[in-house]
Amino acid sequence: MAHCASGGGTLITARVLVMASSLLLPGGLLLPGGLDAVTGIARQWILGSNGLIVFALVTEPKSVPPIVGLGSQSYNQHQGLVMSRFENQTFVITGGSSGIGLYTALGIAGEGGRVLVTGTNSDKLKAAEAAHPNIHSLINDAADFADADKLAEAAKHLFGNIDGVFLNAGMGSGAPLGQITPELFHSLMNLNVGGVLFGAQALAPLVKDGGALLITSSAAKDKGMAGAAVYSATKGAVRSMTKALARELAPRNIRVNTLTPGPIATPFFERLGRPPEMLEKITNHIKATNPLGRMGTPEEAAAVAMFLLSGQASFVTGADYAVDGGEAQL
Ligand SMILES: NC(=O)c1ccc[n+]([C@@H]2O[C@H](COP(=O)([O-])OP(=O)(O)OC[C@H]3O[C@@H](n4cnc5c(N)ncnc54)[C@H](OP(=O)(O)O)[C@@H]3O)[C@@H](O)[C@H]2O)c1
């Protein structure tokens, strides 16, 4: 028990639930708290001198049962309270040098995790490594199935066992009937389906019991999109694969979920190889037809990916989480 001031300045009794006693250091600093309008529970945070927050839960009146905090959070003097869901955890993210994968890597690293990201472009991988000291990188071609074992070897060497894998490397391309070639079919299938399948096969043995796999699909699997028969099929395939893997890995309490982005503003669109004026038309059409009237940001997709990879999603497996502004939902 401790005494502290609520955000409104009233002196009340605090029940400080110390999640890890080492976090509550002498001279812990009180941070701004507040009264939750819905629950009527006043909160107060205490900052330990090691920079970690101890959940200090304050109840008023005393008849309100205390809420048990779930862990620690870190406090950044510029950003205020930031979550710390991945402290001492390790992850592999394929296609982590750009877009959704990169923002997820940065988010995990920012919350204390260490991440090995892959891609095929060494400059982008170097830039990803330079962006955060917790990010490591490896050139690794997800469409070359032998590379999956090399990735697993590198991850084992770097981290030993891992807490989660985000199988995200993928690309979009398309052609209408009459113009679909075996090359297009094989390139998309190899990367978007084979990369996920062999990545999961090589990396799942390294994932700790209780860990997580996350697989990137696309709203293209749910929406009929002209010229996207092959791409949509690849993204439907990985959604189905998620369910089989979720069953297979459930005995180890490893959760397997699908992230299904709608239109997210990443280099994905530039890679389609269309002229700039056509790209502009495509993005204008997306904005005009999306229920929320815009494209999503990679941070928004990463936020859902991080949730699914974190312990906060501990009872979520086999699920499909859309981040699409309602594109394929409404
Ligand atoms: N952006 C969207 O609107 C959208 C919508 C639905 C689904 N998605 C899916 O989201 C995932 C991520 O895409 P994004 O939007 O973040 O696009 P992005 O910025 O283009 O990122 C693609 C990532 O995949 C990597 N990659 C490409 N080919 C690879 C290969 N052969 N081996 C290993 N890595 C490879 C890229 O790295 P290198 O360049 O270094 O190879 C990059 O890190 C993809 O699976 C995509 O299909 C995106």
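All of the numbers you see were taken from the coordinates with simple rules; none came from a lab. Bear in mind that the values here come from a model prediction, so they are computed numbers and not experimental data. Note that each Cβ is placed from the backbone with ideal geometry, even for glycine, and that neighbours are counted across all protein chains shown.
A few notes on this one:
- In segment 128-227, the chymotrypsin sites (Phe, Trp or Tyr not before Pro) that fall in loop regions by DSSP, at most 10 other Cβ within 10 Å: none
- Spin-label proximity, residue 161 to segment 94-113 - amide N less than 19 Å from point 7 Å beyond Cα toward beta carbon: 113
- The value of relative contact order for segment 148-273, using C-alpha pairs under 8 Å at least six residues apart, is 31 percent.
- The fraction of Cα-Cα pairs per 5 angstrom bin, counted from 0 for segment 250-290, comes to 5, 17, 21, 17, 10, 6, 7, 7, 6, 3, 0 percent, rounded to whole percents.
- Of the trypsin sites (Lys or Arg not before Pro) found in segment 263-310, those in coil by DSSP whose Cβ has at most 16 other Cβ atoms within 10 Å are 294.
- Close amide H partners of residue 90, meaning residues 5 or more places away or on another chain with modelled amide H under 5 Å apart, are 114, 163, 164.
- Between segment 210-237 and segment 256-330, the alpha-carbon centres lie 11 Å apart.
- Computed over segment 90-323, relative contact order equals 20 percent, with contacts defined as Cα pairs under 8 Å that lie 6+ residues apart.
- Label-reachable residues, segment 139-154, where backbone N falls under 20 Å from a point 7 Å from residue 186's Cα toward its Cβ: 141-148
- Size of segment 90-323: Rg and Dmax of its alpha carbons, in Å, are 16.8, 51.
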